[in-house]
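The values are calculated or read from the model by the stated rules, or taken from the named source; none is laboratory data. Worth saying up front: this structure is predicted, and the values here are computed from it rather than measured. With ideal geometry, Cβ positions are generated from the backbone for all residues, glycine too; neighbour counts draw on all protein chains shown.
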Amino acid sequence: MEKIIVSLTSISHRMARLHLTLASLAAQDYPNFEVRVYVSPDRFLLDEGVIDIPPDCQALMDSDPRIRWMITPNIGSYRKLLPVLAENMSGEALIATADDDTIYPADWLSTLAHYYRRYNCIIAYRGHTMVRSEGSFLNYRRWMTRPQKENPSVFWLPTGKDGVLYNPLFFHRNVLNYHKALSVARTADDLWFKWHTALYNVPAYIVNTDYTTMLEDTNDGPSLYKSFNQAGANDVAIAALEQYSSEELSFKLATFDSRNPPTIPDRGSVFSRPPAKGGAARKVAAERKN
């Protein structure tokens, strides 16, 4: 059974309820996982910085050593994936991202793993259709209401709240450049991750295609979407990502044809159904070094 690292980040004003999310993650019925919470003492965007571990969280960690508290530089929402991804680019463990304001049912992780074994691609509970027209993307809000018939598809955008499962091998190595990420897509980590898996023609499978339904959450305060992205920041990030990927990687997602994918500079060719684990994963990791 593949090991899965469940990774999330949290910010100062969510400390009081974070233990509820961690308790739901600790109760997962999947047999081989750990949970990492990435926090920072530094201020950034909505985060005033986290200095102390809340007592309720400490009690959970004392009773369950699978939960780990990780200190990292404050790179915003990118903390949920980039630090753990940097340690696991060889693909020896899968990574499931979670949000700090969501209550996850006990079968959440095993459901993600089930569909991963079936489809061997990115698995997300929720997502939006990336709607294109005449070589460009339509407004992000149009993505939220347009149905998608093909599943899995490269043109599903996984949205992070209800969880996304990745194999690290699905990512182009440029994904780790957080300086560029913060300049191109400061509050749109889901989009940054999408572009760097689409580079390798990796599709996403969406478990729940009804975007209006979601898992229970514990947050009634500010969020990146409410504070930044709802006002159009996602559209700005999409345009910036297309410019960045075109200039630096000779790749534009809006004109991408998954049936005829391009050659990407990081490796000799892309793969449409990437190897998932074990020896195959090590083979691809070795190819990256050559």
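At a glance:
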{"item": "Where a residue in the stretch 1-28 is in a loop (DSSP other than H, G, I, E, B) and its partner, wherever it lies, is charged (D, E, K, R), with Cβ under 7 Å and at least six apart", "result": "GLU2/LYS277; SER10/ASP100; ILE11/ASP47"}
{"item": "Members of the stretch 168-205 found to be under 15 Å from the mean Cα position of the chain (by Cα), part of a helix (DSSP H, G or I) and charged (D, E, K, R), listed by number", "result": "ARG173, ASP189, ASP190, LYS194"}
{"item": "Selection from the stretch 105-124 of residues that are farther than 14 Å from SER24 by Cβ and in contact with a helix residue (DSSP H, G or I) (Cβ under 9 Å, 6 or more places away or on another chain)", "result": "CYS121, ILE122, ILE123, ALA124"}
{"item": "All positions within the stretch 104-120 that are closer than 14 Å to GLY163 by Cα and part of a loop (DSSP other than H, G, I, E, B)", "result": "TYR104, PRO105, ALA106, ASP107"}
{"item": "Leading residue by the ranking (modelled with the highest pLDDT) among those in the stretch 206-235 that are of a type in the set (Ser, Thr, Tyr) and assigned to a loop (DSSP other than H, G, I, E, B)", "result": "THR209"}
{"item": "Qualifying residue in the stretch 144-154 (condition: touching an Asp or Glu at 6+ places or on another chain (Cβ under 8 Å), closer than 27 Å to LYS3 by Cβ and among the β-branched types (Val, Ile, Thr))", "result": "no"}
{"item": "Whichever residue in the stretch 1-52 is closer than 17 Å to TYR78 by Cβ and among the acidic types (Asp, Glu) and, among such residues, is modelled with the highest pLDDT", "result": "ASP42"}
{"item": "Set TRP156, TRP192: member being at pLDDT 95 or above, farther than 22 Å from ALA93 by Cα and of a type outside the set (A, V, I, L, M)", "result": "TRP156"}
{"item": "Of residues in the stretch 49-80 being small (Gly, Ala, Ser) and in a helix (DSSP H, G or I), the one nearest to GLN28 (Cα to Cα)", "result": "SER63"}
{"item": "Filter pass, TYR125 being among the aromatic types (Phe, Trp, Tyr) and under 14 Å from the mean Cα position of the chain (by Cα)", "result": "yes"}
{"item": "Condition met for THR129 (crowded, with 17+ Cβ neighbours inside 10 Å and without any contact (Cβ under 8 Å) to a residue 60 or more places away in the chain)", "result": "yes"}
{"item": "Residue list for the stretch 111-126, filter: crowded, with 17+ Cβ neighbours inside 10 Å and hydroxyl-bearing (Ser, Thr, Tyr)", "result": "THR111, TYR115, TYR116, TYR125"}
